[in-house]
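Down below is the structure, laid out as structure tokens.
The values are calculated or read from the model by the stated rules, or taken from the named source; none is laboratory data. Predicted, not measured: the structure shown is a model, and the values here were computed from it. Ideal geometry is used to build each Cβ from the backbone, glycine not excepted, and the neighbour counts take in all protein chains shown.
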Amino acid sequence: MNIVIVKYNAGNVKSVEIALERLGASSLLTDDPEKILSADKIIFPGVGEASSAMNYLKQRNLDATILAAKQPLLGICLGMQLMCLHSEENNTQCLGVFNEHVLKFDAAQLHLKTPQIGWNNIYGLSTPLFKGVDENSYCYFVHGYYASSGEQTIATTKYGIEYSAALHQNNFYGVQFHPEKSADIGSKIIQNFIDL
Amino acid sequence: MLTKRIIPCLDIKDGRTVKGTNFINLRDAGDPVELAEIYTKQGADELVFLDITATNEKRKTLASLVNRIAHKINIPFTVGGGIGSVEDVRTLLDAGADKISVNTAAFKRPDLINELSASFGSQCVVLAIDTKKHEDGDWYVYLNGGRVSTDVKCIDWAVEGVKRGAGEILLTSMDHDGSKSGFAIDITNQVSSMVNVPVIASGGGGIPEHFYEVLSQKADAALAASIFHFKEISIPDLKAFLRNRQIPVR
């Protein structure tokens with residue numbers, strides 16, 4: 001199994017690499033489009049700010065690389081958000097794999113602390129990504145922006161309002177939470193992705 | 001529903017877990033990697049590792065220990081102790097840490113918080129504050145593992161730290177630390193009301209009721225050490241207790 005992690009300027013991807021190691025899967029961290037597109041599986045992680053991340057992807061032709069992927073691809077956190085249509089974070093045009101908009105949690109209106117940090121339950125689970133995962137399992141979230149819900153939503157979470165905890169379109173998957181940090185449930189979801 | 005977090009804290013000295021009372025009288029509490037694995041299996045929501053001697057002895061937290069821990073656990077963990085630069089943090093994140101906590105160095109040079117949040121994001125930066133109540137009734141910031149007092153109020157420093165980019169506040173009451181007499185509810189509530197980031201209450205958790213008390217109010221998470229290390233309360237029992245009292249826990 002040849003898994004690549006897309007290398008770009010967004011946050012700490014080491015934990016994804018180590019999570020794969022814990023599952024006995026090795027991975028390659030690279031920004032080389034050729035290596036990315038010849039992998040069996042692609043993970044597109046990320047924590048950070050949307051517009052600078054998109055600019056970085058464009059400069060290295062990684063936007064087109066991600067869109068060209070035919071193999072299973074998993075966007076995590078900012079990775080998933082960058083696969084949506086648009087992000088309110090610095091008014092950023094995104095990749096448009098998912099037909100959802102990324103919006104800011106309205107802390108004042110929702111009377112909640114933002115970003116959301118911690119464990120929240122996911123429900124309405126579908127697709128093989130969540131095979132063997134119980135409804136209302138808890139996953140670890142850290143985010144100040146969220147993707148709206150729609151037909152491509154394959155898991156929902158509520159933090160003041162309901163939004164997409166995961167999205168799916170063809171070979172593309174995205175999860176808002178951090179499976180690499182979501183205890184055994186998260187490991188199960190990563191294993192499911194490896195097994196796709 | 002977002003849950004309240006239970007966070008075991010491992011104070012590290014010379015590669016071992018230690019625990020004292022009111023920051024002194026250290027006792028050995030075991031191998032940190034083994035403890036980390038046990039707590040993860042028991043349902044800890046997160047772990048914190050503090051190299052408690054690092055600031056005074058000018059040592060850096062051992063990246064190799066962090067790396068061993070990262071390979072064993074699948075929940076988030078924070079590392080602190082003697083962190084004073086972007087480079088220190090990069091080393092720890094590359095070793096597998098998820099967040100870092102800063103304390104004395106950030107107080108002495110507050111721009112450190114701005115630099116760290118700009119480089120790694122606020123979600124990575126936990127501002128740890130050790131605090132003690134003075135006779136005037138206000139809580140003040142202490143540095144160097146509680147050895148050095150300051151004339152800065154805890155609440156002011158917390159607000160400034162968040163403004164500069166801290167993503168969470170780890171608030172330790174030195175008056176309560178190791179006492180097992182309950183958390184410092186008043187200062188925890190005050191800080192939590194003034195900042196829009198999670199506040200982790202620390203110091204004084206001795207029985208499940210203490211956790212209920214602080215988590216039913218404004219704390220987003222509660223941290224404890226010796227009661228877990230010395231098996232006075234198990235995490236599953238604590239969570240069952242809280243769940244029965246309608247506190248959302250995982």
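Does A:GLN81 satisfy the condition of being surrounded by 14 or more Cβ atoms within 10 Å (Cβ to Cβ), assigned to a loop (DSSP other than H, G, I, E, B) and not hydrophobic (A, V, I, L, M, F, W, C)?
no
Go through the stretch B:61-111 and give me each residue that's charged (D, E, K, R) and at the interface with chain A (Cβ under 10 Å from one of its Cβ atoms).
B:LYS72, B:ARG90, B:ASP94, B:ASP98, B:LYS99
Scan A:LYS104, A:LYS35 and give me the residue that is surrounded by fewer than 23 Cβ atoms within 10 Å (Cβ to Cβ), more than 19 Å from A:GLY174 (Cα to Cα) and either among the charged types (D, E, K, R) or under 16 Å from the mean Cα position of the chain (by Cα) (or both).
A:LYS35
Which numbered condition in (1) within 14 Å of another protein chain (Cβ to nearest Cβ); (2) buried (at least 18 other Cβ atoms within 10 Å of the Cβ) is the only one that B:PRO248 fails?
(2)
Any residue that is within 14 Å of chain B (Cβ to nearest Cβ), closer than 28 Å to A:GLN116 by Cα and assigned to a helix (DSSP H, G or I) - is there at least one of those in the stretch A:42-50?
Within the stretch A:42-50, one or more residues are within 14 Å of chain B (Cβ to nearest Cβ), closer than 28 Å to A:GLN116 by Cα and assigned to a helix (DSSP H, G or I).
Of the numbered conditions (1) over 18 Å from A:LEU196 (Cβ atoms); (2) of a type in the set (Lys, Arg); (3) part of a loop (DSSP other than H, G, I, E, B), A:LYS58 fails exactly one; give the number of that condition.
Result: A:LYS58 passes all but (3).
Taking into account only those residues within the stretch B:94-146 that are polar (S, T, N, Q) and outside any helix (DSSP H, G or I), which is surrounded by the fewest Cβ atoms within 10 Å (Cβ to Cβ)?
Looking at the filtered set, the residue picked out is B:ASN144.
Evaluate the stretch A:127-135: report whether one residue or more is closer than 24 Å to B:LEU47 by Cβ and more than 14 Å from chain B (Cβ to nearest Cβ).
Yes, the stretch A:127-135 has at least one match.
What tally of residues in the stretch B:121-152 results from selecting those that are over 19 Å from the mean Cα position of the chain (by Cα) and either within 14 Å of another protein chain (Cβ to nearest Cβ) or in contact (Cβ under 8 Å) with a residue 24 or more places away in the chain (or both)?
2
Which condition breaks for A:LYS70 when tested against (1) modelled with pLDDT of 95 or more; (2) surrounded by fewer than 24 Cβ atoms within 10 Å (Cβ to Cβ); (3) within 14 Å of another protein chain (Cβ to nearest Cβ)?
So the condition that A:LYS70 fails would be (3).
For the subset of the stretch A:150-160 comprising residues that are small (Gly, Ala, Ser) and more than 14 Å from A:VAL97 (Cα to Cα), which member is nearest to the other protein chains (Cβ to nearest Cβ)?
A:GLY160
Considering every residue within the stretch A:4-27, establish whether at least one is touching a Leu at 6+ places or on another chain (Cβ under 7 Å), touching a residue at least 40 places away in the same chain (Cβ under 8 Å), over 25 Å from B:GLN123 (Cα atoms) and more than 14 Å from chain B (Cβ to nearest Cβ).
no
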